[in-house]
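These notes are about the structure you will find just below.
The values are calculated or read from the model by the stated rules, or taken from the named source; none is laboratory data. Because the structure is a prediction, the values reported are computed rather than measured. Cβ placement follows ideal geometry from the backbone for every residue including glycine, while neighbour counts extend to all protein chains displayed. Just so you know, the surface numbers come from the protein's heavy atoms only, side chains and all, with ligands and any DNA or RNA stripped out. Shrake-Rupley method; radii C 1.70, N 1.55, O 1.52, S 1.80 Å.
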Amino acid sequence: MPSTVLEPAAREVGEEPADPAALPAQRQGQRGTNSRVLVLNASYEPINVCTVRRAVVLILKERAEVIERSERELHAESLTMPRPAVIRLITYVRIPRDAHSRKITRRAIFARDSWTCQYCGSARASLTIDHVIPRSKGGTSHWDNIVTCCAPCNRRKGDRLPKQVGMHPRRAPRAPKPSIFVHVAVPRVPDAWQPYLVAA
């Protein structure tokens, strides 16, 4: 199967100028213009989230196909088409190994750890992050040393090593799967996306 390398600087799939005549009119305030679409690789692996407009460009250029669609339709002067919710790239895009070793954010850590404290297992509202090996003890700020932690556990552990307080993460922290960044990209994951993220 032919493959294309997706450079880190071009994570938004298909960065080519659109043909305005072929796209739905983008009027200010138009309902759902900025809605998001899940992008699957040719292998059905979730790799990105893009706008409806970008998804339409990929479909019209025959670089992607619609896998899941909304009940609503998109209308242009000479075109009516289903509003895409999930699209799949026709050509496999090879993701560089470091493509998802991007900036670590609290939301990405929380999503990776299923929004639960990695010490006590609770899903409290007062979540924070903890360096398993404290930075003062030589710990790094990498995926494999940061976990989701509730405020009580954070206070209990303090600036000490796990063995000093008998607190060890329930799961060894590591770099997340690409699908985690899909969760981070939207406030709420649409129902139509769920089967593809669970499979990932």
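Does the range 93-108 include one or more residues that are assigned to a helix (DSSP H, G or I), touching a residue at least 12 places away in the same chain (Cβ under 8 Å) and open to solvent by 60 Å² or more (accessible area, probe 1.4 Å)? Yes, there is a match, as at least one residue in the range 93-108 is assigned to a helix (DSSP H, G or I), touching a residue at least 12 places away in the same chain (Cβ under 8 Å) and open to solvent by 60 Å² or more (accessible area, probe 1.4 Å). When the range 189-200 is limited to residues that are outside any helix (DSSP H, G or I) and open to solvent by 30 Å² or more (accessible area, probe 1.4 Å), the one that is modelled with the lowest pLDDT turns out to be A200.
Of the residues in the range 43-74, how many are in contact with a Ser or Thr (Cβ under 6 Å, 6 or more places away or on another chain) and touching a residue at least 40 places away in the same chain (Cβ under 8 Å)? Looking only at that region, the number is 1. When P46 is tested against (1) touching a Phe, Trp or Tyr at 6+ places or on another chain (Cβ under 7 Å); (2) open to solvent by 20 Å² or more (accessible area, probe 1.4 Å), only condition (2) is not met. One residue alone among R156, R174, R188, R160 is among the charged types (D, E, K, R) and in contact with a helix residue (DSSP H, G or I) (Cβ under 6 Å, 6 or more places away or on another chain), and that residue is R174.
Check whether at least one residue in the range 47-54 is in a loop (DSSP other than H, G, I, E, B) and in contact with a Lys or Arg (Cβ under 8 Å, 6 or more places away or on another chain), and report yes or no. Checked the range 47-54: no residue is in a loop (DSSP other than H, G, I, E, B) and in contact with a Lys or Arg (Cβ under 8 Å, 6 or more places away or on another chain). Does T140 satisfy being of a type in the set (S, T, N, Q) and open to solvent by 20 Å² or more (accessible area, probe 1.4 Å)? So T140 fits the description; yes. Can you tell which of S114, S78, S70, S126 is modelled with pLDDT of 85 or more, more than 18 Å from K177 (Cα to Cα) and exposed (fewer than 14 other Cβ atoms within 10 Å of the Cβ)? Within the list S114, S78, S70, S126, the selection yields S126.
Of the helices (runs of 4 or more DSSP H) entirely within the range 111-186, those holding at least 3 residues that are free of Cβ contacts under 8 Å to residues at least 24 places away in the same chain occupy 162-165. Yes or no: the range 25-38 includes at least one residue that is at pLDDT 85 or above, open to solvent by less than 90 Å² (accessible area, probe 1.4 Å), among the aliphatic types (A, V, I, L, M) and touching a Phe, Trp or Tyr at 6+ places or on another chain (Cβ under 7 Å). Scanning the range 25-38 turns up at least one residue that is at pLDDT 85 or above, open to solvent by less than 90 Å² (accessible area, probe 1.4 Å), among the aliphatic types (A, V, I, L, M) and touching a Phe, Trp or Tyr at 6+ places or on another chain (Cβ under 7 Å). Could you please find all residues in the range 147-188 being open to solvent by 30 Å² or more (accessible area, probe 1.4 Å) and small (G, A, S)? Passing the criteria: G158, G166, A172, A175, A185.
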